[in-house]
């Protein structure tokens, strides 16, 4: 998509590019003399967040959280998408692959703003909303955790539940990694022409979101431990029942096997009431075992 000037005032000019291709990058390189390697980073789907400078150019490569549901969570591109910002003098250039709600929201806000809007202020607003996307994701994950906590005690589909827990753990861990790497560009807002309170809000927002995801990671690990403990308890309960049946049948199986050998010198085999006596002995063994288990509360 060709570059488009989406906002312009006496202080700055905002150029936005969606789904940039090679031709768009060549135009940016020729028109603004942007380093080709920096431009290459904007189309690498798995590039990590970072900050770079080149003379009067400042390059922020951010990753915002996306609520797209991916079946596999193998890399950061499965939960986030890139948003690149170039600050060149009074110009700001944003590059993103998908239709970006953050760009639309910031554009709407600054159009109705009565304050002085500069390229640094636009970049700061974009950065705050990028971190807010992780804040929103943290709330979504917290709701899922509450649902899974109830499901752990009620669900009989253990395999499906374990898969949900793993996906949730993977998603939370990937978000935590992206946020920790984002500190490289968050701290670089401080030298810009912004007030201390504005840059402090950005750093505080990053710390808050990282803290939220650390807490979520702990909760998810606790859920997994709870699930495994309950699974072990169910397995132990099954083994207990099987053991009880074994305790009932093992002695009477021994008696049946003993008299099944059919030796000649076994007087009980010729006894008129031998069969009934043996059945009675077996019944007494079962009754004694039952009373013993009941007394022990097993």
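Quick notes on this one:
- At q = 0.13 Å⁻¹ the log10 of I(q)/I(0) for region 234-296 amounts to -0.47, computed by Debye summation with a single uniform scatterer per C-alpha, solvent ignored.
- The order of 227, 37, going from fewest to most other C-beta atoms within 10 Å of their C-beta, is 37, 227.
- Region 220-237 residues near the modelled residue 158 label - backbone nitrogen below 16 Å, point 7 Å along Cα→Cβ: 224-237
- Residue 197/residue 232 FRET efficiency (R0 45 Å; Cβ-Cβ; nearest 0.05): 0.30
- In region 4-233, Cα pairs under 8 Å separated by at least six residues give a relative contact order of 21 percent.
- If you sort the three axes of the alpha carbon gyration tensor as a ≥ b ≥ c, you get a/c of 1.5 or more for region 54-131 and a/b no higher than b/c, which makes it oblate.
- Looking at region 4-233 alone, DSSP beta bridges between its own residues are antiparallel in about 80 percent of cases.
- Axis angle, to the nearest 10 degrees, between helix 22-32 and the longest C-alpha principal axis of the chain: 40 degrees.
- Once the chain from residue 277 to residue 298 is taken as fully extended at 0.36 nm per residue, the excess over their C-alpha distance is 4.6 nm.
- Here the relative contact order of region 25-77, from alpha carbon pairs under 8 Å that lie six or more residues apart, stands at 26 percent.
- Measuring r between the beta carbons of residue 139 and residue 4 and using R0 = 35 Å, the FRET efficiency lands at 0.60.
- Modelled label reach - residue 53, point 7 Å along Cα→Cβ, region 160-194 residues with backbone N closer than 20 Å: 182-194
- Tilt relative to the chain, helix 119-154 - C-alpha long axis, 0 to 90 degrees, to 10: 10
- In the chain, the alpha-carbon atoms span a convex hull of 196 Å³ per residue.
- Three-way shape label, region 1-133, alpha-carbon gyration tensor, a/c 1.5: oblate
- In the chain, helices alone account for a calculated mean residue ellipticity at 222 nm of -21500 deg cm²/dmol, with every DSSP H run of four or more residues adding -39,500 (n - 2.57).
- Three-way shape call for region 70-200 based on the alpha-carbon gyration tensor, with the a/c threshold at 1.5: prolate
- Separation of alpha-carbon centers, region 195-228 and region 161-184, rounded to whole Å: 11
- Largest mean-square fluctuation among 42, 253, 200, in a Gaussian network model of the chain whose springs join Cα atoms under 10 Å apart, belongs to 253.
- Using alpha-carbon coordinates, inclination of helix 274-296 to the longest axis of the chain, degrees: 40
- Taking the chain as a Gaussian network of alpha-carbon nodes connected by springs under 10 Å, the highest mean-square fluctuation of the residues 98, 242, 269 belongs to 269.
- Within a Gaussian network of the chain (alpha carbon springs, distance under 10 Å), most fluctuating of 49, 267, 191: 267
No lab work stands behind these numbers, since they all come straight from the coordinates. Here the structure is a predicted model, which is why all the values come from computation and not from measurement. Heads up, the Cβs are rebuilt from the backbone with ideal geometry, glycines too, and the neighbour counts pull from every protein chain shown.
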